[in-house]
Amino acid sequence: MIPFNKPLLTGQEDVYIREAIESGRFAGDGPLTGRCSRWLEDTLGCDRALLTTSCTHALEMAAMLLDITEGDEIIVPSFTFVSTTNAFVLRGAKMVFVDIRPDTLNMNEQLIEKAITNKTKAIVPVHYAGVSCEMDTIMKLANQYNLVVIEDAAHALMSRYRDKYLGTIGHLGCFSFHESKNYQCGEGGALIINDKRFIERAEVIREKGTNRTQYLQGEIDKYTWVDIGSSYLLSELNAAFLFPQLLLSDHINADRTRSWQIYYDALEELAVDGKLMLPGTPRGTKHNGHIFYVKVSNQVVRNELMTYLKHNGVFTASHYIPLHSSDMGKRYGFFHGEDIHTTSESEKILRLPMFYGLDQGDIYYTVSLIKQYFKVPGEA
């Protein structure tokens, strides 16, 4: 059986967990948390990287930093995970969903401006499958209308847009270290701060609304409650698990992008023949091999192909049901303009097995099954 995903293990996690145990530091912001944060800051070139308990919590912190309140509007794609919207709905915001591009399944940057009103506070681009949104256009609009850009880069650590790492282009960026991601510690995330005005308050919010960080740095002799906040610090044990994976990021990234390219090359013939569609990677983008998917003609074909692959030992998955079609999406948001691609594209997508160390033979076996399903001449 070929699984859909295998959580990454480098074989060095226990070494750093033992180091944490021997240090006697288990709560957040210990030495290994600091090493992870510095790695992110040095590698990505961001002003500050704060480890959090999840990408969801990083997004919640971003909403607090923006002082989102009742009636504010946030522009997002509907084709995304619910955390992208929950973070802002919790603060009272209304979600304004815009259509996606069929080539990348990312927010269509050409539709954003018409969705902006005097209530708009932020744009939240989601870099689906680690492929960048069109960030130059998005940042230009944000500057023009005095909006904040929060990159939902849950899929996108080590991906780039015009030589900039995703998560470092907007004012804020949010990463995930969930076990399904390229780098994982079970549950975890990071808030990336690219605008220095947010750093001090972000540290307060992350420390339950106290100025404890200043106290630990010796800047004040006691700490107290100074703002809203919550408990968003990643455990030192989780940071210890994550750190060796970050150290091997180039190797891991190369392995995943190699598997992605093998899939693409092996399936290109089917795409040329119109049997399926392959992921788009626009000029100027460099993905991290987080997801490899194909798109077929409709939901019926997608479900049949998924069943066929499962019966032959290959586990696959569809993906998001568009948020605007859910009961909560209708309650807390609305779709701006026409849903031309969001729903139809979501019904076509089939994600294939993709993880670090995926055997090349398993990729070719999966491809051969897909070709058999489409009855390509000459395939066994």
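The values are calculated or read from the model by the stated rules, or taken from the named source; none is laboratory data. Everything numeric in this text was worked out from a predicted model, so none of it was measured. Quick reminder, even Gly has a Cβ in these numbers, built from the backbone with ideal geometry, and neighbours come from all protein chains shown. Areas reflect the complete protein model, heavy atoms only, side chains present, ligands, DNA and RNA absent. Shrake-Rupley method; radii C 1.70, N 1.55, O 1.52, S 1.80 Å.
Note on the chain: Cα-Cα pairs beyond 39 Å make up 18% of the total pair count. Each residue of the stretch 8-17 was assigned a 3J(HN,Hα) from its phi angle through the Karplus expression (A = 6.51, B = -1.76, C = 1.60, θ = phi - 60°), giving 5, 9, 9, x, 10, 4, 5, 4, 7, 5 Hz with x at Gly and Pro. Build a GNM of the chain with springs between Cα atoms under 10 Å apart, and of THR85, THR104, THR56 the one that fluctuates most is THR104. For ARG48, the amide hydrogen comes within under 5 Å of the amide hydrogens of ILE193, counting only partners 5 or more places away or on other chains and with H modelled in the peptide plane.
Normalised radius of gyration (Cα atoms, divided by 2.2 N^0.38 Å) for the stretch 311-380: 1.58.
Of the residues THR137, THR257, THR33, the one that moves most in a GNM of the chain with alpha-carbon contacts below 10 Å is THR137.
Largest first, the three principal axis extents of the alpha carbons in the stretch 53-212 are 43, 35, 27 Å in whole numbers. Pairs of alpha carbons in the stretch 1-147 separated by more than 22 Å make up 54% of all such pairs.
Do you know the relative contact order of the chain, to the nearest whole percent, from alpha carbon pairs under 8 angstrom that are 6+ apart? Numbers along the way, then the final one.
Values: 810 pairs, mean separation 87.9, N = 380.
That works out to 23 percent.
Counted over the chain, the DSSP beta bridges are approximately 55% antiparallel.
Exceedance of the 28 Å cut-off in Cα-Cα distance is limited, within the set LYS164/LYS222; LYS140/LYS295; LYS119/LYS348; LYS121/LYS196; LYS114/LYS208; LYS114/LYS275, to LYS164/LYS222; LYS140/LYS295; LYS119/LYS348; LYS114/LYS208; LYS114/LYS275. Each residue of the stretch 157-162 was assigned a 3J(HN,Hα) from its phi angle through the Karplus expression (A = 6.51, B = -1.76, C = 1.60, θ = phi - 60°), giving 4, 5, 7, 9, 9, 6 Hz with x at Gly and Pro. Contact order, relative form, for the stretch 132-241: 17 percent (alpha carbon pairs under 8 Å, 6 or more residues apart, mean separation divided by residue count). Each semi-axis of the equivalent ellipsoid for the stretch 251-301 is √(5λ) with λ an eigenvalue of the Cα gyration tensor; in descending order they amount to 22, 11, 11 Å. Taking a quarter of the surface of the Cα convex hull of the stretch 158-253 gives a mean projected area of 7.5 nm². Counting protein heavy atoms only, the chain has 49 percent of its accessible area on carbon and sulfur, 1.4 angstrom probe.
For the stretch 172-188, the Karplus equation 6.51 cos²θ - 1.76 cosθ + 1.60, evaluated at θ = phi - 60°, returns couplings of 9, x, 10, 10, 10, 10, 5, 4, 7, 8, 4, 10, 9, 9, x, 9, x Hz by residue, with Gly and Pro reported as x.
Once you list every other residue whose beta carbon is under 13 Å from the beta carbon of THR120, what net charge do they have if Lys and Arg are +1 and Asp and Glu are -1?
Values: positive: LYS94, LYS114, LYS119, LYS121; negative: ASP72, GLU73, GLU113.
Net of charged neighbours comes to +1.
Want the number for LYS114 to HIS311: 0.36 nm per residue separation, take away the alpha-carbon distance, what's left?
Values: separation 197, 0.36 × 197 = 70.92 nm, distance 4.63 nm.
Additional length available on full extension: 66.3 nm.
Against the main long axis of the alpha-carbon atoms of the chain, helix 360-373 sits at an angle near 50°.
For THR210, the amide hydrogen comes within under 5 Å of the amide hydrogens of VAL226, counting only partners 5 or more places away or on other chains and with H modelled in the peptide plane. Modelled this way, with points 7 Å down the Cα-to-C-beta line, the labels at TYR223 and TYR365 are 5.1 nm from one another. For the chain, modelled as a GNM whose springs connect Cα atoms under 10 angstrom apart, the maximal fluctuation among SER326, SER78, SER235 occurs at SER326. Close amide-amide hydrogen proximity is noted between LEU276 and ALA271, each under 5 Å apart and 5 or more residues distant or on a separate chain (H modeled in the peptide plane; Pro and chain starts excluded).
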